[in-house]
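What follows is a set of notes on a single structure, which appears directly below.
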Protein chains: 2
Amino acid sequence: MADHTARPAHTAQPAAEPGAALPRPTLESVAERAGVSRATASRVVNGGAGVRAELREKVRLAVDELGYVPNLAARTLVTRRNGAVAVVVAEPESRLFSDPFFAQHLRGISRELSAADNQMLLLLIEDQRDYDRVGRYLAGGHVDGVLLFSLHHADPMPETARRVGLPFVVGGRPGWPGAESERDLVYVDSDNRGGARLAVQHLRSLGRRRIATITGPLDQTSSLDRLDGYRDLLPDGDPDLIAEGDFTPDGGGRAMAELLARCPDLDAVFAGSDAMASGALKVLREAGRRVPEDVAVVGFDDVESIAAWTDPPLTTVRQDIEEMGRLMARLLLRRLADPTTSATRVAAPTSVITPTHLVIRASA
Amino acid sequence: MADHTARPAHTAQPAAEPGAALPRPTLESVAERAGVSRATASRVVNGGAGVRAELREKVRLAVDELGYVPNLAARTLVTRRNGAVAVVVAEPESRLFSDPFFAQHLRGISRELSAADNQMLLLLIEDQRDYDRVGRYLAGGHVDGVLLFSLHHADPMPETARRVGLPFVVGGRPGWPGAESERDLVYVDSDNRGGARLAVQHLRSLGRRRIATITGPLDQTSSLDRLDGYRDLLPDGDPDLIAEGDFTPDGGGRAMAELLARCPDLDAVFAGSDAMASGALKVLREAGRRVPEDVAVVGFDDVESIAAWTDPPLTTVRQDIEEMGRLMARLLLRRLADPTTSATRVAAPTSVITPTHLVIRASA
DNA sequence: AGTTGCTCAGAGAGCGCTCTCATCAGGGCG
DNA sequence: CGCCCTGATGAGAGCGCTCTCTGAGCAACT
């Protein structure tokens, strides 16, 4: 399709030996062809404000004919803007692979960024050394901002980002002491606590009285917040009804077995993730408990590839993961656009909490 | 940690107003501090070959003291190398989200690229318009090469990559007519056909005689190849034993139901993916067939989050997905490094087929 | 002693772009 | 009729880097 318009460029070029990459047209060549100065050509390429319509057309034509595409490196060199944002994912292999969570999150981010003509750079942190590598990369000035994911306690990335002077937005409430009050610290999280309340409330409305919970790893705020929601409704609950998992099916199964051993009379379980719920379902089945007749189960996340495919399909708390990604990107873009926020103390960058709601299927 | 060495830079700088980003040190300033020319400083920064050890040390010291990091835009502008590779993923939402396949693939790629100090740029294609956007991006010269994923029939990306003159490597055997013979067309695929043979062979060795198969979408070469493998061992097989799925659990379930209706006497199923196998297991369970007693099931992929967690755990054909990603990256990097391959007809870029093998669990 | 060859350092020319600033044309005003 | 203001255009100075080319210095050869 573009072939047609691009052809004249080739014929206009001095004949190049076949197979050799022909030199990319520059602004200079566009300007020459349009009979204007480089400055004017640049103006047109960048929106065309303040250029007579007639000239504007001439330049546009030249651009089309030559198939001109601006050289980003040159542009970045002078504007000091890359049009790129880094997404730093520091997550152990196990979860990154098993959880569609990240894919959805990334998609939301990618959508929002590309809508604003920004590129997404994915930086994976696998081991300790990678912190250095990524740190160096960020310091290299390849990106205008950073999106950070699921930080663990005392994660060095926010400090790194701050040191190299890059604006950043965090996914998930950061858990280190004082984080909440830090100016400049913007995060996006879902209403974990409220979601947990919904789950427990639903189980209670079903008449369940011995409601257990399987938490995620308790060094993550999402786990803690969900547990807090559970406790909100069961302030005097039996501590034996609480078991810690690790967000995997495996861990969920182990926690379920533990709970069954401690409290054989339990009649409901709220699992802190769909993955853990699926493990719990398996253990319950093996223990001869019927779901939901004997034990009602509610999950968290509403990850499609899990929740809808368990046996029985999982009632769960839905969080709009993609929307969270989109929000993170939007927040960061806003900070990038507003020069005042890049200075130290100005402006109020506000964190955002997205709502959660209950999706009722067969398991509860 | 870097704080300590970076400090002198700040104090050496003219006092900047607090909050304002201090200007990044340039090669020029490094050279000045080390008492050498910019050229020599550049040599040291880029390896230090051909520089006297004494000067080399001086420059290194200056770099450390100033916290110098090369400006990539400037470097790219002159070298015409970005140190970045685009990964273009054109996959419908459903599969991208549900399949850990991609995460693993990406991880392999990321590992290999970062080992060679290359950046990975993820470009997601969601709808038709994105082809343009990505095409423009690639034409923009942000990257040195492209990694293409799971192309569908007549996918325009390879042509786009070729038009903008970017070397590329494809994941999965391309399916369009004549693709095989195209020079410059390098791909990485697993031994789908051989893997399928392994699966069927195993089922036969178990004494199964009515072996059905659920294929993936037949416009993808991986599906076709697996079907071919199945047929290799069952050349005179009953065509009623073949049903088409879509790589999702749902589609696998539907296909299974179909098969049961057509051939109630089937005693084994080879599913073209673990996801489809999980759907099939569910349908079999609902139909009252015991697995593996009544019907043996073998999957494909060995995706951990599925295969090990089905009930019963899935016997499946394993392909080393991460290794495939790594291979793709390695192949591309080799093309980038070797200037001869960038010219048209030279060199023999070889595609790679990775082996598959059987992982035996409980379902067969 | 003259020549050649070699290693190492510096000078300087760009890479392609943006952006400031000077210039110039034209219109409204005193 | 001259002045200033506005708006459109072009000239040119870099952005920070790499890389070629020149030349200095020195050892080894004729």
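Tell me yes or no: at least one residue of the stretch B:32-47 is part of a loop (DSSP other than H, G, I, E, B) and within 35 Å of the chain's Cα centre (by Cα). Within the stretch B:32-47, one or more residues are part of a loop (DSSP other than H, G, I, E, B) and within 35 Å of the chain's Cα centre (by Cα). Give me the pairs: first residue in the stretch A:26-48 and free of Cβ contacts under 8 Å to residues at least 60 places away in the same chain and more than 9 Å from DNA strand C (Cβ to nearest atom), second residue hydrophobic (A, V, I, L, M, F, W, C) and not in a helix (DSSP H, G or I), beta-carbon distance under 9 Å, and six or more apart or on different chains, which are they? Listed pairs, sorted by first residue: A:Val36/A:Val51; A:Val44/A:Val36; A:Val44/A:Val51.
Let's see how each residue does on (1) within 19 Å of the chain's Cα centre (by Cα); (2) not assigned by TED's automatic domain parsing to the domain that holds B:Met328:
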{"site": "B:Gly50", "(1), (2)": "no, yes"}
{"site": "B:Glu57", "(1), (2)": "no, yes"}
{"site": "B:Ser110", "(1), (2)": "yes, no"}
{"site": "B:Met120", "(1), (2)": "yes, no"}
{"site": "B:Asp130", "(1), (2)": "no, no"}
{"site": "B:Arg133", "(1), (2)": "no, no"}
{"site": "B:Leu147", "(1), (2)": "yes, no"}
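Within the stretch B:51-64, if we keep just the residues that are touching a residue at least 12 places away in the same chain (Cβ under 8 Å) and within 14 Å of DNA strand D (Cβ to nearest atom), the residue that is surrounded by the fewest Cβ atoms within 10 Å (Cβ to Cβ) turns out to be B:Leu55.
Of all residue pairs spaced 6 or more apart or on separate chains, those with beta-carbon atoms under 6 Å, a first member in the stretch B:67-82 that is assigned to a helix (DSSP H, G or I) and a second member that is at pLDDT below 90 and more than 6 Å from DNA strand D (Cβ to nearest atom) are B:Leu72/A:Gly140; B:Leu72/A:His142; B:Thr76/B:Asn82. Between A:Gly48, A:Gly67, which is modelled with pLDDT under 95, within 16 Å of DNA strand D (Cβ to nearest atom) and surrounded by 15 or more Cβ atoms within 10 Å (Cβ to Cβ)? It is A:Gly48.
Would the stretch B:88-104 turn up any residue that is farther than 30 Å from A:Asp127 by Cα and not polar (S, T, N, Q)? Scanning the stretch B:88-104 turns up at least one residue that is farther than 30 Å from A:Asp127 by Cα and not polar (S, T, N, Q). Criterion applied to A:Arg209, A:Arg226, A:Arg162 was being over 21 Å from the mean Cα position of the chain (by Cα) and of a type in the set (Lys, Arg), and the one residue passing it is A:Arg209.
Pairing residues of the stretch A:215-236 that are under 20 Å from A:Ser205 (Cβ atoms) and touching a residue at least 12 places away in the same chain (Cβ under 8 Å) with residues that are small (Gly, Ala, Ser) and assigned to a helix (DSSP H, G or I), at Cβ distances under 6 Å and at least 6 apart in sequence or on separate chains, gives A:Arg226/A:Ala196; A:Gly229/A:Ala196; A:Tyr230/A:Ala196. Scanning the stretch B:123-154 for residues that are away from chain A (no Cβ under 14 Å), closer than 21 Å to A:Arg107 by Cα and in a loop (DSSP other than H, G, I, E, B) turns up B:Ser150, B:Leu151, B:His152.
Name every residue in the stretch A:248-295 that is assigned to a loop (DSSP other than H, G, I, E, B), of a type outside the set (D, E, K, R) and within 20 Å of A:Leu358 (Cβ to Cβ), in order of residue number.
Of the stretch A:248-295, the ones assigned to a loop (DSSP other than H, G, I, E, B) are A:248, A:263-267, A:272-273, A:287-295.
This time we only want the ones that are of a type outside the set (D, E, K, R), so: A:248, A:263-264, A:266, A:272-273, A:287-288, A:291-292, A:295.
The answer is A:Gly272, A:Ser273, A:Val291, A:Pro292, A:Val295.
Using the structure shown, decide if B:Pro156 is surrounded by 21 or more Cβ atoms within 10 Å (Cβ to Cβ), of a type outside the set (Phe, Trp, Tyr) and farther than 23 Å from B:Asp302 by Cβ. Considered against the rule, which asks whether it is surrounded by 21 or more Cβ atoms within 10 Å (Cβ to Cβ), of a type outside the set (Phe, Trp, Tyr) and farther than 23 Å from B:Asp302 by Cβ, B:Pro156 comes out as no. Scanning the stretch B:334-356 for any residue that is touching a Gly at 6+ places or on another chain (Cβ under 9 Å), of a type in the set (A, V, I, L, M) and at pLDDT 95 or above turns up nothing. Among the residues of the stretch A:191-200, the ones that are closer than 9 Å to A:Asp225 by Cβ and in contact with a helix residue (DSSP H, G or I) (Cβ under 6 Å, 6 or more places away or on another chain) come to 3 in all.
Counting only residues that are small (Gly, Ala, Ser) and under 24 Å from the mean Cα position of the chain (by Cα), which one in the stretch B:284-320 is modelled with the highest pLDDT? First the steps, then the outcome.
Of the stretch B:284-320, the ones small (Gly, Ala, Ser) are B:287-288, B:296, B:299, B:305, B:307-308.
Among the residues that remain, those that are also under 24 Å from the mean Cα position of the chain (by Cα) are: B:299, B:305, B:307-308.
Details: B:Gly299: 96, B:Ser305: 69, B:Ala307: 81, B:Ala308: 78.
The extreme case among them is B:Gly299.
Against the condition out of contact with any Pro (no Cβ under 9 Å at 6 or more places or on another chain) and under 16 Å from B:Leu121 (Cα atoms), how does A:Asn118 come out, does it pass? In short, yes.
Look at the stretch B:31-45 and say how many of its residues are among the acidic types (Asp, Glu) and either crowded, with 18+ Cβ neighbours inside 10 Å or at pLDDT 95 or above (or both). Can you show your working first?
Step one: list which residues in the stretch B:31-45 are among the acidic types (Asp, Glu), which gives B:32.
From the residues that got through so far, the ones that are either crowded, with 18+ Cβ neighbours inside 10 Å or at pLDDT 95 or above (or both) too are none.
Within the stretch B:31-45, residues that are among the acidic types (Asp, Glu) and either crowded, with 18+ Cβ neighbours inside 10 Å or at pLDDT 95 or above (or both) number 0.
The values are calculated or read from the model by the stated rules, or taken from the named source; none is laboratory data. Quick caveat, the model's predicted, so the values are computed rather than measured. As a convention, Cβ positions derive from the backbone with ideal geometry for all residues, glycine included, and neighbour counts pool all protein chains shown.
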